[in-house]
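Below is one structure, written out as structure tokens; the observations come after it.
The values are calculated or read from the model by the stated rules, or taken from the named source; none is laboratory data. Because the structure is a prediction, the values reported are computed rather than measured. Methodologically, a virtual Cβ is constructed for each residue, glycine included, from the backbone with ideal geometry; neighbour enumeration extends over all protein chains shown. Accessible surface is based on the protein model in full, side chains and every heavy atom, while ligands, DNA and RNA are left aside. Shrake-Rupley method; radii C 1.70, N 1.55, O 1.52, S 1.80 Å.
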Amino acid sequence: MKVLDFPLVKITTAFILGVIASYYLHFSISIVIILLALSFVNFCGAFFWALNRNKKSFLFGFSSYIFSFFIGAFTLLSHTENLQKNNYTHCKSAFKNSQSITLIIREKLKSNDYSDRYVGLIKTISGKPYSGKIIVNVQKDSSKNHLIIGNSIKIETVLQENKSSKNPNQFDYGRYLADKQIYAQIYCQKNQILISKTIQKDIWYYCARLHSRIISNLEKSKFHKKEMNVALALILGQQQEISPDIIQDYQYSGATHVLSVSGLHVGFIMLFIAFILKPIPNTKKGSFIKLASILVSLAGFAVISGLSPSVLRSVVMFSFLAIGNHLRRNGNIYHTLLVSILLILLFEPYFLFDVGFQLSYLALFFILWLQPILKNIYKPKNKLSVYIWEALTVSFAAQIGTLPLCLYYFHQFPGLFFVTNIIILPLLSFIMIAGIVVMIIAIFSSPPIFITMIFEKSIYLLNLMIHAVASVDSFVIRDISFNIYHLWAFSIFIISTIIWIKKPSFQKLLLASASIILIQLAFIFTKIETEKQEELIVYNEKNNTLISERLGKNIMIFSRDTTIHKNKNINSYLVGNSIDLSGIKKIQNLLYFKNTKILIIDSSRIFSEKINPDILILTQSSRINLDRLLQNMKPKIVISDGSNSNSIQKYWKTSCRKKNIPFHSTKEKGYYRL
């Protein structure tokens, strides 16, 4: 049976389309419920009509897909927490005035230079019951932080809404948090927190206690801190304490997936358990014992790792693969993957928009689909050649499948990814097995020093190898412009080419050839869009004034600092819009963009009051009488960039409100685009 003929493929596709449509089109939940009810009635009618005639019906199939579509749309809306009446986003006063907020600490996040960060679950606001996840930022100081998972705390504070990206073409952290159902943050000091004596002892509390116990026992066995943090990332998926330098090395060498617990790690565990259980005969009872052992082991690994979403996804995925293998369904491995995708998205539909989820399933799918083709290209004879060739083909299959998505999200390509995978896989296999043993021992007591030392040195060697590959800077291709047109065109090209290679035919060759034309069209559309775009942008820069003027593919930067050739805000804009920088000029007090006159006032306060600008830009906390200026100049809008202090911006905002003139602060609203 062909994969695409399997009904679950079409049902899952319809379900995913429903999730995507609901996410981007923002359906009304009442309308979706009505349409879901109508589609269910239609589905039932088509089912009984087909049942009475005892034959396949197009109407029944079509009604099934429509029903699946609206189930997907409803599933996403039902998991969108700010649509629930008791969610804290509906308590508008909490975002304006200080309120007494009680919440429970659920998860420890990676700290930054200023704060320890946690995910909390809100319980009450000023005594009224509310719910929802929120980020708690506790300012660092010399005193010890006593917060643990499960703590019930009380804080008198104001909720801060998540901010979107302040500059164009940058990572939207606010949207990222919203996809995790986190809509606000709390900023507080340790002395503002009142910790309750009662602790909520749920599964997350016990997972955190287990994790803390493992770390404590590893520290007792004199595990070096740097290597221990990498070990916790490799085995348990805990990246909170790992250093930025190590993360960068793994990124540049093409081994980021090693630090994020994913299918690779869970697959290692499943293979390791299967290897241990190999002596058990493959009888009906023996196979069931093997399956139960694998499922229990994977579940135990998820608990030890703290039930992080990435681990749960991988555990569910490989649990279904293990079940499929037990049922002797190896021929329908793709169907098993689809079942795991459908089950995960039914419980967590927002996972669909998680980069890790997308890359994990794409990598596994292409390893299963493309690797056998690559493997058959060459048949090595000795064991070493077989290992190297299999490692190469697996690496290339995963990289080819995920390449368009990686370029779209990260705009860089590690040219030595295949070298990295060949040299680290043997060591990584040993580290995973040794790591599991060490972590299990660490649950009960401090591991023996000689075992810890072997494990620590193996991680040290891994970091050394990764750093050596990452140091070959010329093979890391950065700042690759790759937009949505390129993503779809290259994805279609890769898929159609593989389909043609697997089973060549003239029609499939035409399809592959047409996909090449699609790639050309993607570049043509990108060029057309680039050349017709004309815009002026005022960026949000903390200690500088930065303005860009773009006319087609030519972009000129105006700045107080003309040495900013590698400014990250400008670089993100250039890469995101497929353009090159034309030049940088010293900023002047007067700019013209098309028919718009723009006056820029800085701390020098050198300008003519006879100018009547369309736009007034205020920078460097200029000490001016804005009320008088607005009276004389009457601009259409006043813009305050990121170089101004918060206190003076409040004064300017009040002055603009009096004159009924729009005021745009880049600190509050992000960049201004004309």
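Being modelled with pLDDT of 80 or more and on the phi < 0 side of the Ramachandran plot narrows it down to one of 308, 287, so name that one. Answer to the selection: 287.
Just checking, which of 135, 155 is among the aliphatic types (A, V, I, L, M) and under 27 Å from residue 350 (Cα atoms)? Outline the logic, then answer.
Values: 155 fails: under 27 Å from residue 350 (Cα atoms).
Just one listed residue meets the conditions, 135.
What residue, of 97, 112, 86, is polar (S, T, N, Q), surrounded by fewer than 17 Cβ atoms within 10 Å (Cβ to Cβ) and touching a Pro at 6+ places or on another chain (Cβ under 8 Å)?
86
Within region 206-244, the set of residues being out of contact with any helix residue (DSSP H, G or I) (no Cβ under 8 Å at 6 or more places or on another chain) and among the small types (Gly, Ala, Ser) comprises 208, 212, 216.
Based on this model, can you work out whether residue 337 counts as touching a helix residue (DSSP H, G or I) at 6+ places or on another chain (Cβ under 9 Å) and over 23 Å from residue 295 (Cα atoms)?
Numbers: touching a helix residue (DSSP H, G or I) at 6+ places or on another chain (Cβ under 9 Å): yes; over 23 Å from residue 295 (Cα atoms): no.
Judged against the criteria, residue 337 is not a match.
Residues in region 503-536 that are small (Gly, Ala, Ser) and part of a helix (DSSP H, G or I): 512, 513, 514, 515, 522. Annotation: residue 561 fulfils all but one of (1) closer than 24 Å to residue 666 by Cα; (2) of a type in the set (Asp, Glu); (3) at pLDDT 85 or above; (4) not in a strand (DSSP E or B); the unmet one is (3).
Condition (residue is within 24 Å of the chain's Cα centre (by Cα) and either buried (at least 18 other Cβ atoms within 10 Å of the Cβ) or in contact (Cβ under 8 Å) with a residue 40 or more places away in the chain (or both)) applied to region 373-387: is it met by at least one residue? Talk me through it step by step, then tell me what you get.
Of region 373-387, the ones within 24 Å of the chain's Cα centre (by Cα) are none.
No, region 373-387 has no match at all.
Against the definition (part of a helix (DSSP H, G or I) and in contact (Cβ under 8 Å) with a residue 12 or more places away in the chain), how does residue 63 come out, yes or no? When the stated conditions are applied, residue 63 passes them. Among the numbered conditions (1) open to solvent by less than 30 Å² (accessible area, probe 1.4 Å); (2) under 27 Å from the mean Cα position of the chain (by Cα), the only one that residue 481 does not meet is (1).
The residue pairs whose first member lies in region 496-520 and is touching a residue at least 60 places away in the same chain (Cβ under 8 Å) and closer than 17 Å to residue 374 by Cβ, whose second member is open to solvent by 90 Å² or more (accessible area, probe 1.4 Å) and of a type in the set (Lys, Arg), and whose beta carbons are closer than 9 Å, counting only pairs six or more residues apart or on different chains, do not exist in this structure. Might you check whether a residue that is part of a helix (DSSP H, G or I) and open to solvent by 90 Å² or more (accessible area, probe 1.4 Å) occurs anywhere in region 539-552? Within region 539-552, none of the residues are part of a helix (DSSP H, G or I) and open to solvent by 90 Å² or more (accessible area, probe 1.4 Å). Of all residues in region 202-214, count the ones that are buried (at least 19 other Cβ atoms within 10 Å of the Cβ) and either under 26 Å from residue 429 (Cβ atoms) or small (Gly, Ala, Ser) (or both). Residues flagged as buried (at least 19 other Cβ atoms within 10 Å of the Cβ) and either under 26 Å from residue 429 (Cβ atoms) or small (Gly, Ala, Ser) (or both) within region 202-214 amount to 3. A Cβ distance below 6 Å, combined with a sequence gap of six or more or placement on separate chains, defines the contacts here; from region 644-656, residues that are over 10 Å from residue 667 (Cα atoms) and in contact (Cβ under 8 Å) with a residue 12 or more places away in the chain reach no residue that is hydroxyl-bearing (Ser, Thr, Tyr) and open to solvent by 60 Å² or more (accessible area, probe 1.4 Å).
Looking at 488, 500, which one is open to solvent by 90 Å² or more (accessible area, probe 1.4 Å), over 30 Å from residue 584 (Cβ atoms), in a helix (DSSP H, G or I) and not aliphatic (A, V, I, L, M)? Write out each step before concluding.
On the way: 500 fails: open to solvent by 90 Å² or more (accessible area, probe 1.4 Å).
Of the residues listed, the single one that is open to solvent by 90 Å² or more (accessible area, probe 1.4 Å), over 30 Å from residue 584 (Cβ atoms), in a helix (DSSP H, G or I) and not aliphatic (A, V, I, L, M) is 488.
Screening the candidates 555, 584, 600 for the property of being free of Cβ contacts under 8 Å to residues at least 60 places away in the same chain and within 33 Å of the chain's Cα centre (by Cα) yields one hit, 555. Restrict the check to region 82-91 and report whether at least one residue is part of a strand (DSSP E or B), among the β-branched types (Val, Ile, Thr) and touching a residue at least 40 places away in the same chain (Cβ under 8 Å). The answer is no, given that none of the residues of region 82-91 is part of a strand (DSSP E or B), among the β-branched types (Val, Ile, Thr) and touching a residue at least 40 places away in the same chain (Cβ under 8 Å).
When region 6-63 is filtered for residues that are small (Gly, Ala, Ser) and open to solvent by less than 30 Å² (accessible area, probe 1.4 Å), the ones remaining, listed by number, are 14, 18, 21, 22, 39, 46, 50, 57, 61, 63. Select from region 334-350 the residues that are in a helix (DSSP H, G or I) and open to solvent by 40 Å² or more (accessible area, probe 1.4 Å) and list them in ascending order. 334, 339, 343, 346, 347, listed by residue number. Within region 418-442, the set of residues being modelled with pLDDT of 75 or more, in contact with a Ser or Thr (Cβ under 8 Å, 6 or more places away or on another chain) and open to solvent by 50 Å² or more (accessible area, probe 1.4 Å) comprises just one member, 430.
Considering region 443-474, and only residues there that are of a type in the set (D, E, K, R) and under 16 Å from residue 224 (Cα atoms), the residue that is least open to solvent (accessible area, probe 1.4 Å) turns out to be 456.
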